[in-house]
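Some notes on the structure that comes next.
We did not get these values from a lab; they are worked out from the coordinates using the rules stated. Note that the structure is predicted; figures quoted are calculated from it, not measured. Backbone-built Cβ (ideal geometry, glycine too); neighbour counts: all protein chains shown.
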Amino acid sequence: MTDVLSGAEFRKSSLSGPNTDNCVEVATNLPGLVAVRDSKNLTGPPLTFTPTQWRSFITHIQTGTLDA
């Protein structure tokens, strides 16, 4: 998995501000994969999702229908 993630370009929301390190960073530039990591632990293993899973997650967050 490390080889697949070596080209990941992680970004955080512009709403996070420049000096905030309590963020979630997302890489969407990988074919068939979305990687998510904690900005406080850049060397830790990221969570990975298919683009479909990621879109579903974001939709549930936006609509308030995420069943935790």
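Placing unit charges on each Cβ (+1 for Lys and Arg, -1 for Asp and Glu) gives the chain a dipole about its Cα centre, and among LEU33, SER56, GLY7 the Cα reaching farthest toward its positive end belongs to SER56.
Between LEU5 and GLN62, 0.36 nm times their residue separation minus their Cα-Cα distance comes to what?
Full-extension gain reported as 17.8 nm.
Convex hull of alpha carbon positions in the chain: directionally averaged projected area 5.3 nm².
Inter-label distance, VAL36 to GLN53: 1.0 nm, where each label sits 7 Å from its Cα along the C-beta direction. Gain on full extension, evaluated as 0.36 nm per residue between THR28 and SER16 minus their Cα-Cα distance, stands at 2.5 nm. The Cβ shell under 13 Å around ASP21 holds other residues with a net charge of +1, Lys and Arg each +1, Asp and Glu each -1. Charged neighbours of ALA35, selected by a Cβ distance under 10 Å, balance to -1 (K, R count +1; D, E count -1). In the chain, helices alone account for a calculated mean residue ellipticity at 222 nm of -7000 deg cm²/dmol, with every DSSP H run of four or more residues adding -39,500 (n - 2.57).
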